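Note sheet for the following structure.
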Amino acid sequence: MEGVSVLILGGTAPARALAKLCVAEGLATTSSLAGRVSHPKLPEGDVRIGGFGGVEGLSGWLRQHRIHAVVDATHPFAEQISRNAVAACAEVGLPIASLVRPSWHDLEGSERWHWVADHAAAASKAAEIAQRPFLTVGRQRLKAFESLADRFCLVRVVEPPSGPLPESWELLLSRGPYEFEDELELLAGHAIDCLVTKDSGGEMTVAKIHAADQLGVPIVIVERAQPETSGPQFDNPEDALEWLKSQSPTEG
Ligand code: NAP
C-alpha cells in the first residue's frame, strides 16, 4: 500500500524534530524552507528551499508531488506562509495541521512584563522605558525600531540586516539555542535595561527571558497574531506525527 506523503513547512526546530520522527516512521517526508538563512540547519528527509509563488504555486506543488497531508510548523510570526498553506490545502482538498511552540504566556510573568500588540507598539514602549534595550525581534522587523536610533541598542539576529543600522547600535550575529548563564552575562555586560522580544515561545530562546527576570530587567513582548489554521494544532512533534500517521494516503 502507498504510504502517506507529507509536506512540513519548516524553518524551525519543531519542524526539524517532526521531520526526524516522520523519516524514522518511514513516511515520505519533504520539508520546505524559505531560504532566508545562508547556512540553514537541514531537516532529515527531502528538503526543498525557496518560495512556492503564493497560494497558486503552493497548490500546484502539492498536486504535482502527490502530497497527502501538510503540517505547518513555521515560526508563529511567519504569518503569510501560514495563510497561504491554509488556502492552498482548501483548494487542493488536503488536511492541514499546525505545530507551534507553546506561547510564553504559559510562563509565570511579572509586573515588569509588557505584552504589546505589534512591533510598533514594542518600539514605543521601549522608547518610553529604556535607554539600553536589547532587541531580539528578527532582522525583518528592525525597521519598526528606528525611533530608538538616538540610543544604544544591542541587536541580535541570525543573518546580517539588509541595510545599515544606526551608529549607536551594536550588532550581534548568532543563532540559538542559548544558555541561561550566557544570557545573564550578555545582558549584565551590556547594562541592558529592557529586553524586547516577540512571543516565539518554547525552550530554545527562553533563557533570555529568565535572565532578564533574574536581573530585574523589564521585558516587552510582542503578542502572536491569531493562528491561521483550519485543522488541529499541536504543541509537540509526537502528536503531529500521530495525526500524520492517521491520514489516508488516498485523500487529495
Ligand atoms: P512569511 O512572511 O510568512 O512568508 C513570506 C513568503 O516567504 C511566503 O509567502 C513564501 O513565499 C515564503 N516562505 C515562508 N516560509 C516558507 C517555507 N517554510 N517554505 C517555502 N516558502 C516559504 O515568512 P517569514 O516570517 O519571512 O519566515 C520565513 C521562514 O523563516 C519560515 O519558514 C519561518 O518558519 C522561518 N522563521 C521565521 C521567523 C520569524 O520571526 N518570522 C523566525 C524563525 C524562523 P511564496 O509566497 O513565494 O510561497
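The values are calculated or read from the model by the stated rules, or taken from the named source; none is laboratory data. Every value quoted in this text rests on a predicted model; they were computed, and no experiment measured them. In this analysis, Cβ positions are derived from the backbone assuming ideal geometry, glycine residues included, and neighbour counts consider all displayed protein chains. Protein only, heavy atoms only, side chains kept; ligands, DNA and RNA dropped before computing areas. Shrake-Rupley method; radii C 1.70, N 1.55, O 1.52, S 1.80 Å.
Brief remarks follow.
- The mean accessible area for residues of the chain, using a 1.4 Å probe and ignoring ligands and nucleic acids, is 48 Å² per residue.
- Residue-span extension gain [V47 to D239] - 0.36 nm each, minus C-alpha spacing: 66.9 nm
- Rounded to the nearest 20, the size of the Cβ-charge dipole of segment 29-93 about its Cα centre is 100 debye, with Lys and Arg at +1 and Asp and Glu at -1.
- Rounded to the nearest 20, the size of the Cβ-charge dipole of segment 28-160 about its Cα centre is 320 debye, with Lys and Arg at +1 and Asp and Glu at -1.
- Positive-end residue of G53, V6, T29, charge dipole of the chain with Cβ unit charges: G53
- Shape of segment 184-252, Cα gyration tensor, a/c cut at 1.5: prolate
- Each residue of segment 223-236 is assigned a 3J(HN,Hα), and the resulting list reads 5, 6, 6, 4, x, 8, 8, 10, x, x, 10, 10, 10, 8 Hz, derived from the Karplus form 6.51 cos²θ - 1.76 cosθ + 1.60 (θ = phi - 60°), x at Gly and Pro.
- Amide proton proximity set for W169, modelled H, under 5 Å, gap of 5+: C153
- Charge context of G57, other residues only, Cβ under 15 angstrom, K/R +1, D/E -1: +1
- Eligible lysines near K20 by straight Cα distance, threshold 22 Å, same-chain separation 8 or greater: K41, K245
- For S98, distant residues with modelled amide H under 5 Å away: D72, Q233, F234
- Carbon/sulfur fraction of accessible area - segment 42-152, other protein chains in place, 1.4 Å, %: 48 percent
- Residue with peak Gaussian network fluctuation, the chain [Cα springs, cutoff 10 Å], from P218, P40, P133: P40
- About the centre of its Cα atoms, segment 132-211 shows a dipole size close to 360 debye [charges on the beta carbon of Lys, Arg (+1) and Asp, Glu (-1) only; nearest 20 debye].
- Percent RCO, i.e. relative contact order, over the chain, from Cα pairs under 8 Å lying at least 6 residues apart: 25 percent
- Remark on V116: its backbone amide H falls under 5 Å from those of I221, V222, E223, a criterion applied only to residues 5 or more positions apart or on other chains, H modelled at 1.01 Å from N.
- Nearby lysines by direct alpha-carbon distance to K208 (threshold 21 angstrom, same-chain neighbours under 8 apart not counted): K125, K198
- Convex hull of Cα atoms in the chain, direction-averaged projection (nm²): 13.5 nm²
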